[in-house]
1. Which one of these does A:Asn3 not meet: (1) open to solvent by 50 Å² or more (accessible area, probe 1.4 Å); (2) at pLDDT 80 or above; (3) facing chain B (nearest Cβ under 7 Å)?
2. Out of the residues in segment A:155-191 meeting the condition of being small (Gly, Ala, Ser) and outside any loop (DSSP other than H, G, I, E, B), tell me which one is farthest from the chain's Cα centre (by Cα).
3. Within segment B:234-273, which residues are in a loop (DSSP other than H, G, I, E, B), modelled with pLDDT of 75 or more and among the charged types (D, E, K, R)?
4. Where in segment A:300-373 are the strands (runs of 3 or more DSSP E), entirely inside, with at least 3 residues that are in the same structural domain as A:Phe405 (by TED's automatic domain parsing) and among the hydrophobic types (A, V, I, L, M, F, W, C)?
5. Residue under question is B:Ala296, and the condition is that it be open to solvent by 10 Å² or more (accessible area, probe 1.4 Å) and modelled with pLDDT of 80 or more; does it hold?
6. Among (1) at the interface with chain A (Cβ under 10 Å from one of its Cβ atoms); (2) surrounded by fewer than 22 Cβ atoms within 10 Å (Cβ to Cβ), which single condition is B:Gly199 missing?
7. I'd like the full set of residues that are at the interface with chain A (Cβ under 7 Å from one of its Cβ atoms) and surrounded by 20 or more Cβ atoms within 10 Å (Cβ to Cβ), limited to segment B:273-293.
Amino acid sequence: MSNRAQTKTSSFRHWTVLLLVVSGLGLLVVRAVYLQVLSSEYLQAQGNARHLRVAEYNAVRGMILDRNGVPLAISTPVDSVWAHPPTLMQAGGRWGQLTALLDLDRRDLSDMLARHAAREFMYLKRHVTPEIAKRVMALQVPGVALQREYRRYYPAGAVAGHIIGFTNIDDQGQEGLELAYDERLRAIPGKKRVLKDRLGNIVESVESLSLPIPGKDLVVSLDRRIQYLAYRELKRAVAAHKARAAWAIVLDVRTGEVLAMVNEPGFNPNNRADLRSALFRNRAVTDVIEPGSTLKPFTIAAALESGKYTPDSLIDTAPGVIRIGRKTIKDVRNHGRLSVAGVIKKSSNVGATKIALGISKNRLWNLLRGVGFGETTGSGLPGESVGIINPPERWAAIDRATLSFGYGISITPLQLARAYTAIANDGVLVPVSLLHGDGGVQGERVMAKATALQVRRMLEMSVSGGGTGTAAQVNHYSVAGKTGTVHKLINGSYAQDNYVSLFAGVAPASRPRLVMVVAVDDPKRGGYFGGQIAAPIFSKVMAGAMRLLNISPDAPQPQQPTIVKASERRAT
Amino acid sequence: MIAEAAVHKQRREAGHAADAWDMWLMTSVLALLGLGAVMVYSASVSAAERATGNGAYYLMRHAAHIVLGLLAMSLVMRSRLQHWERAGPYFLLTGIALLVMVLLPGIGVHINGSTRWIRLGTINLQPSELVKVFVVVYVAGYLVRKQAVLPNFVPGILMIGLVIGVIGLLLLRQPDLGTMVVICLTILGMLFLGGVRLGHFLVIVAAGVAGTAMLTLASPYRFERVTGFLNPWADPFNSGFQLVQALIAFGRGEWFGVGLGASVQKLFYLPAAHTDFILAVLAEELGLVGVLLVIALFAVLILRSFLIARRAEQAGHVFAARLAQGIGLLFAVQTLINMGVNMGMLPTKGLTLPFMSYGGSSMLASCIAVGLLLMVEREVRLHSWARH
């Protein structure tokens, strides 16, 4: 009987087991419904917190083009290698290949990973070559991926290094036009919500949060050919004269557009290892100089405006020395009696002093302020100086005297070039622009047309035979200009043997198109007078620029200054 | 009238093809195999691509396992039941020998902190998977042979307790607690159904519970798994990581799933996506509907096993009944634990989902087990028909 009972499973036990199994399965069903229907929202939120990320998509920064459409700064796509630190940390065995390929130190990598352990993104190496990028991806190291970025390339290299400036590795403008117009050039990265796998790879794009906006191209006023010409001549001059530095600026007379702006020594913005802050200062706008004799035309203009002087008024500069208070002002030699024009031509300090003392302080001040000294040129370039010009209330006689020949006033080379556009433009000062515009520039009259014409005529003579600036002559074109030789102010006193050689001029004189200012800092060989050092650079650059711009010659014979009636000149 | 109808029905069932196989078992197993193959491919394609460069790497191997399994199944289902009844002790000894071999240095392969595999050419054999089936065959025979002494504790229970103890210790040496739990629960169920006295049964249960608790408390990693299971969100990046990822997969699936192949959790978030956590990937891609389908297929398989056992008993075939019960219990315990783990109802165990998870030994063992069921069903059917 008992044996019989054991051969058969009791119904109770059979059903108990079945009940257990079925209730187990039932529990699974209930749990599945709970997870997949009732808590799905919570679980999905948890999942999204793990999978969904906002990814940025870089867009391309705007190009910088010269006025003829030649690229001066362009962005090329490159790849940067990045890592998901927690994942890469676990793949210690694969570091060797990675560090070898990316030229990293194993210990540095370990330190970096430790520092970024809680992060999800860490750059391993920025801007690698496509070849390296390909090989890195071929390694398939867990947690390592590429990101598309853009590297800035400057085709003109050192030729336009200062004026164009450069961006940092994050594509943000740091210097020059890249900084000044960063807002316009900058690309706004797009944002997308993406689904990522646990290794950080983007699996799917879920939604677009914002579209990437590429930067806008910037057409600047520069003419790469003239820029190159100026660069080449400055480089030669600095080498030949063993000068410390040199600057040159070429302005379009009618529009105030900067056609060239060069600093020597230069730097190549493509070579980041080269970037030392002392090198990339754009001295043409950031550094101030005393203009010396290149300021005299404005003293003369003020005198002519006063009505007390005409170009033919005679000034006795004998004996070439004049005492003002306890100071003595000297000419290079005794020029005797000079006309106002002769004062410019011979660059007589004594003559300029006498003229300045003959007019009111305010007249001189107003004219100097009028042509833009002591105020920004509006170039918008980073670090631009406004210079220093003391107000007339604080002028003693000696201050008026030295100011008349360009001492005791600090200006930037760009301000000087701009002031010369007033002379070139028949008395109308135009704002300086670094952008290529449509030519509709609103100028401001700062001196009478007749004054400007008379000063220009005098400046023409100063470049002709017997003047200080004959080396500035350009074949087949008339030139109006002024030399300057300035004692450098070193530690508060004027150095005897350190000069800045200057030349500021206009060509063609009869129908001015270009203004150019050249400054050579501390030439050590081959002289130091502006007429010796700076004027030849002006001549060479202008000769090239006249041809490049197809400007018709106005002086068939080498520098026979022609007198052109004011009525024949084109008004600006 | 009623009896006549029943005979008629039985004749029709058996008679329409004497050599036919049970369609319920066949259909559910083939459906699980097909669904499993699809899910193994989907769950492993990214990992396979990354590890081997061939996205179908695991699929190809899985297909080979299926072919091997079906081959074994068709051999087993055509064998004779009496041979299995007699061979029980040999199976037990073979199983123990395999478990000893896996522990021998130079033979056992050590992966992720446990030694569970024996290398056979390109494939790794996991003896514990086969041991499950061997033990069921042995215990079914034991229950028949010892019918007379079963009500006595010492000769009836202690002997089987010794067998469980030896196998349990060998499994713990690997360590493979999951398989040990499955074997213990299956044997417990078989003893219960086999007619062991309730008092004795409760003593064994109490011993088992105490033993499990001790083992859990003694091992930090097991303890961590248990605490991680109790509150996976407390430490979702370490102890609760796998579970949290599995739960997220379920939550993402909702009613109809994110679509085949569209699982995100399988993209390196969910560890063992194509093996132990295949159900989580299925839940994400095919949704609640898919999960319910899988549960239903397993329910058919398990309930059918017990139905076959019931029929065998009615036909007076005790060994057949015990074997079918054992196999039914084996499938039930293994699937309930695996699914429970996937859904966060049980602490994480390294257990596969029969017929679906990637893994050759598991596939082979499951196919042999279902082959035995098919054989039992056919023998019982033909036998009872013959008696009528």
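The values are calculated or read from the model by the stated rules, or taken from the named source; none is laboratory data. The structure displayed is predicted, hence computed values, not measured ones. Methodologically, a virtual Cβ is constructed for each residue, glycine included, from the backbone with ideal geometry; neighbour enumeration extends over all protein chains shown. Just the protein is used for accessible areas: all its heavy atoms, side chains included, with ligands, DNA and RNA removed. Shrake-Rupley method; radii C 1.70, N 1.55, O 1.52, S 1.80 Å.
1. (2)
2. A:Gly190
3. B:Glu254
4. A:321-324
5. The answer is yes for B:Ala296.
6. Here B:Gly199 meets the rest and fails (1).
7. Across segment B:273-293, the qualifying residues are B:Ala283, B:Gly287, B:Leu288, B:Val291.
So that you can scan it fast, the table gives a plain yes or no per residue for (1) more than 30 Å from B:Arg50 (Cα to Cα); (2) surrounded by fewer than 22 Cβ atoms within 10 Å (Cβ to Cβ):
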position: A:Leu139; (1), (2): no, yes
position: A:Leu146; (1), (2): no, yes
position: A:Tyr153; (1), (2): yes, yes
position: A:His162; (1), (2): yes, no
position: A:Thr167; (1), (2): yes, no
position: A:Glu183; (1), (2): yes, yes
position: A:Arg193; (1), (2): no, yes
